[in-house]
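What follows is a single structure, written as structure tokens, with notes after it.
Only the coordinates and a few stated rules stand behind these numbers; no lab work does. Computed from a predicted structure; not experimentally measured. Here the Cβ is made from the backbone with ideal geometry for all residues, glycine too, and neighbour counts use every protein chain on show.
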Amino acid sequence: MSATGTATMRGLIAVVTGAGSGIGLATARLLAAEGVRVFGFDLREGEMAGAAEWIPCDVGDSESVTRAMAQVADASDRLDIVINNAGIGAIGSIEAATDEEWASVLNVNVVGLSRVTAAALPMLRRSAAAAVVNTCSVAAAVGLPERAVYTASKGAVQALTMAMAADYLREGIRVNCVNPGTADTPWVSRLLDQADDPVAERSALEKRQPTGRLVSADEVASAICFLAHPRQAAITGTVLAVDGGMHSLRIRAE
Ligand SMILES: NC(=O)c1ccc[n+]([C@@H]2O[C@H](COP(=O)([O-])OP(=O)(O)OC[C@H]3O[C@@H](n4cnc5c(N)ncnc54)[C@H](O)[C@@H]3O)[C@@H](O)[C@H]2O)c1
């Protein structure tokens, strides 16, 4: 890892998980606009055409991840960037959580990230600009009601980001995460659709953020791309909040 002030992203190769929708899609588009070749690992192609090459992949399944990474290796001898973004949610307190839900959310959100990165390591090691960025959540840092299982998974993602950053530091592989606040993506639209009063629910979510609005997928993608950029050669083992101040500010109600 060394200072690379003039480095650009042009010509780099990236894997973005969950690239078919929301934050992953916005990240794939931003990376592509920077001249990065993007492979999108997702259950479905979604809207990634034109930004990423879809490789069908379930990050919750080891064989699927191995197959998907082999496809990347067939297409490129090098991989520079891994964006571990695919994730699933869960609503409720610990009383509502079933063993199946615990297993599935931890498997996708935590083990999935580990699986994809471990499979990518042989190729990342051949890169001079290796960077991993994990999509974590403000939930890793603050207690949100009715999000017990999801929050536990994101707390693990944040801790795992630090452990991975330490493990691969000497090999020049940087590992960081972003912690978005509530972001305006299809995920949140689906949640709002389930609410008794979606308009009131959206307004409550907006008010929960000091900025009074939801974070956009593009804003999170921009932070992810910042961390992935080879110019940030000195940044590893950090959490970048993209949450409109939700984690750190206490603003008086007007
Ligand atoms: N939207 C928010 O408010 C918010 C806030 C904080 C963190 N996040 C995190 O951001 C990430 C992306 O969320 P989003 O809001 O863009 O969601 P989204 O539902 O719009 O997109 C998620 C994508 O991940 C894919 N995916 C789901 N399970 C997968 C699996 N097993 N294998 C491969 N792909 C899979 C989906 O098909 C989808 O394309 C998640 O990790 C989420 O926890 C979201």
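Treating only the Cβ atoms of Lys and Arg (+1) and Asp and Glu (-1) as charged, compute the dipole magnitude of the chain about its Cα centre; round to the nearest 20 debye.
Details: 21 positive and 28 negative charges, 214 e Å.
It works out to roughly 1020 debye.
Test of understanding: what is the full-extension gain from SER76 to ASP197, defined as 0.36 nm times their sequence separation minus their Cα-Cα distance? Walk me through the numbers on the way to the answer.
On the way: separation 121, 0.36 × 121 = 43.56 nm, distance 4.85 nm.
Additional length available on full extension: 38.7 nm.
If you add up the charges near GLU101, with Lys and Arg at +1 and Asp and Glu at -1, over every other residue whose beta carbon is less than 14 angstrom from its beta carbon, what do you get?
Details: positive: ARG147; negative: GLU95, ASP99, GLU100, GLU146.
Cβ neighbours under 14 Å give a net charge of -3.
Hey, for a label at GLU95 modelled as a point 7 Å past Cα toward Cβ, could you say which residues of region 132-162 have their backbone N under 17 Å away?
Answer for region 132-162: 145-149.
Largest first, please: the extent of the C-alpha atoms of region 13-242 along each principal axis, to the nearest Å.
Principal extents (largest minus smallest coordinate, Cα): 51, 36, 32 Å.
Tally Lys/Arg at +1 and Asp/Glu at -1 over every other residue whose Cβ is under 13 Å from the Cβ of VAL215; what's the total? If you can, show how the numbers build up before the last one.
Numbers: positive: ARG208, ARG213; negative: ASP184, GLU206, ASP218, GLU219, ASP243.
Local net charge: -3.
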